[in-house]
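Trainee: Let me begin by handing over the structure; questions about it come next.
Read the figures in this text as sums done on the coordinates, not as results from a lab. Not measured: the values here are computed from a predicted model. No Cβ is skipped: glycine too gets one built from the backbone with ideal geometry, and neighbour counts run over all protein chains shown.
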Amino acid sequence: MFSGKRRQFLQQVATAGIACSANSFFKQVAFAQPPANSSDVACIYIDSRRTIAPLDRNLFGSFLEHLGRAIYEGIYDPASALSDGSGFRKDVIDEVRQLGVPIIRYPGGNFVSGYNWLDGVGPKKDRPRVLDKAWNTIDTNQFGTNEFMAWAKIVGARPLMGLNLGTGTAERAAALVEYCNLEKGTKWSDLRRAHGVEQPYKVEHWCLGNEMDGPWQIGHMTAAEYGLKAQDAARQMHAVDPSLKLIACGSSGPGMPTYLEWDREVLEQCYEYVDALSLHRYIGNTQEETGKDSAKFLAMNLSMEKQIAETLAVCDLVRGHKRSPKKLWLSFDEWNVWYRERSGDAMNGHEHEAPRLLEEVYNLEDALLVGGIINTLVRNADRIRVACLAQLVNVIAPLVTNAKGMFRQTIYYPYRWALQMARGNVLNLLVESPTYEVSEMGQVPYLDVAGTLSQEDGKVSLFILNRDLNKPHTVEINWQDRSPGKVLSSSVLTGGDLKAFNSFDAPQRVVPQSADTPLTGSGRTKLEVPARSYSAIQWAS
Ligand code: AHR
């Protein structure tokens, strides 16, 4: 990856010692002004005693909606030679199982707000063909709750079940909990058994509706109305199973006119009945959002960081109002880059089955920002316990299928690294980085860093986004209380063309490369991160 000359330079730097002067530190927080670092060298200070929180693996969840070709043709395609006896695509199963996705949100999304879960259970021949009004698509209901639970078990993921609080009632929501979680002897648990499933699924996490603040949402209502409905649903659901973890719908994005006020009003109604509040965010490199400026686009994870801080402030405000001992956590249950396939026919199924909707093609810069977003989520692991890359297959997704196989989009790679390497405690890193000016954001560090330390095996993992579009950066890591073991892996996603993307014809155009093994001496590691790159490095204890 690095040329001989560059390696020589790094070796010189390693022996000479370079410009990390840690006379003041800054934590990477949205729009925080870092201390001036006159040198071009970025410094990362690691002290294993200084941690943010244990990382909840559910931070790297994903999402499957009855939308486009996510379910039908994505994970379920009984007519395909690539499918097993249950109609599940075996290649997709293998990929998702290997990824180790911990939790998957289902069945929506906007879809859930008009969904009658009873249409999707029982003998397949009796299930109705329904016109889904969220995406104007025919749903054959051949895939429903029991198929999802079976599939999730095979891939090793836990379900994050979405409930219809649009057209659906609180009573029907509680009925689904009973169907899923009670063993036997009640109307709905016995119905599940009549459908051939003896053991209850014991689903823990439930979303109380979806984006109910959005005028596009089926059953959209005011914050006070939704807050009361969520409270009612939560009470009925807890009567069925007190162990549930319930997530209320927060604002669907900072662009909403009711942003934060929605969250406050909802929580005033249901704070004591729920465990968490949801956030959603899709980022685009558009004229309106970034002026189509890639340097700004790559800083947008900091805008998500701001959204997280603001939402938490509202949660804690209501906690104060209620004098509640309970602290809510956040479920960032939809996040991704999404802006190209976001209007017109890309959003309208025209009453077809499994139409091609939201089939966003992801390029290198999208993948770099996804890496930055993962860093943001990791740094906020003290309050975010669940997050879902939206979505998983075909629809705004890292994986794309056709009749013959599948390929991995660019955004797959940072997501895979997080799943593979981010483990244990999140490190509270101190980072000094040179900065650049971004309109409406001020000085933004070129380097965005997150790291973890696994208590089980002592492995340290670092994830570094270099936002500099033109220059590589030298990084000096200062190990403050211990030196690392040998480098287990060092990889980088980069390239000359920010707009390069993968496809069935060119599935390897944007893939990670192995990077030089970073050199360590006297408690310092030197490495260089290329321009426009996201790197993942892991050390043994
Ligand atoms: O993930 C696609 C859609 O985006 C979801 O259905 C909805 O919740 C969000 O607006």
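Trainee: Taking the range 331-353 as the region of interest, how many residues are within 16 Å of the ligand (Cβ to nearest atom) and touching a strand residue (DSSP E or B) at 6+ places or on another chain (Cβ under 9 Å)?
Mentor: Qualifying residue count, the range 331-353: 12.
Trainee: Only one of (1) surrounded by fewer than 20 Cβ atoms within 10 Å (Cβ to Cβ); (2) of a type in the set (S, T, N, Q); (3) assigned to a strand (DSSP E or B); (4) touching a strand residue (DSSP E or B) at 6+ places or on another chain (Cβ under 7 Å) fails for residue 525. Which number is that?
Mentor: Only one criterion in (1) surrounded by fewer than 20 Cβ atoms within 10 Å (Cβ to Cβ); (2) of a type in the set (S, T, N, Q); (3) assigned to a strand (DSSP E or B); (4) touching a strand residue (DSSP E or B) at 6+ places or on another chain (Cβ under 7 Å) is unmet by residue 525, namely (1).
Trainee: For residues that are surrounded by 15 or more Cβ atoms within 10 Å (Cβ to Cβ) and among the acidic types (Asp, Glu), scanning just the range 124-156, find the one that is nearest to the ligand (Cβ to nearest atom).
Mentor: 132
Trainee: Just need a number here: residues in the range 363-389 that are within 16 Å of the ligand (Cβ to nearest atom) and surrounded by fewer than 24 Cβ atoms within 10 Å (Cβ to Cβ).
Mentor: Within the range 363-389, residues that are within 16 Å of the ligand (Cβ to nearest atom) and surrounded by fewer than 24 Cβ atoms within 10 Å (Cβ to Cβ) number 0.
Trainee: Among the residues of the range 390-418, write down those that are assigned to a loop (DSSP other than H, G, I, E, B), more than 21 Å from residue 355 (Cβ to Cβ) and either within 16 Å of the ligand (Cβ to nearest atom) or in contact with a Gly (Cβ under 6 Å, 6 or more places away or on another chain) (or both).
Mentor: Of everything in the range 390-418, just one residue is assigned to a loop (DSSP other than H, G, I, E, B), more than 21 Å from residue 355 (Cβ to Cβ) and either within 16 Å of the ligand (Cβ to nearest atom) or in contact with a Gly (Cβ under 6 Å, 6 or more places away or on another chain) (or both), namely 411.
Trainee: Could you grab the pairs with beta carbons closer than 6 Å, sequence gap of 6+ or different chains, first residue in the range 178-206 and under 16 Å from residue 163 (Cβ atoms), second one part of a helix (DSSP H, G or I) and of a type in the set (Ser, Thr, Tyr)?
Mentor: 178/189; 188/179
Trainee: Give the range 289-319 a look and list any residue that's among the acidic types (Asp, Glu) and either crowded, with 21+ Cβ neighbours inside 10 Å or closer than 15 Å to residue 381 by Cα (or both), or say none.
Mentor: 305 - this is the single residue of the range 289-319 that is among the acidic types (Asp, Glu) and either crowded, with 21+ Cβ neighbours inside 10 Å or closer than 15 Å to residue 381 by Cα (or both).
Trainee: Quick check: anything in the range 103-123 more than 16 Å from the ligand (Cβ to nearest atom), among the β-branched types (Val, Ile, Thr) and farther than 25 Å from residue 246 by Cβ?
Mentor: no
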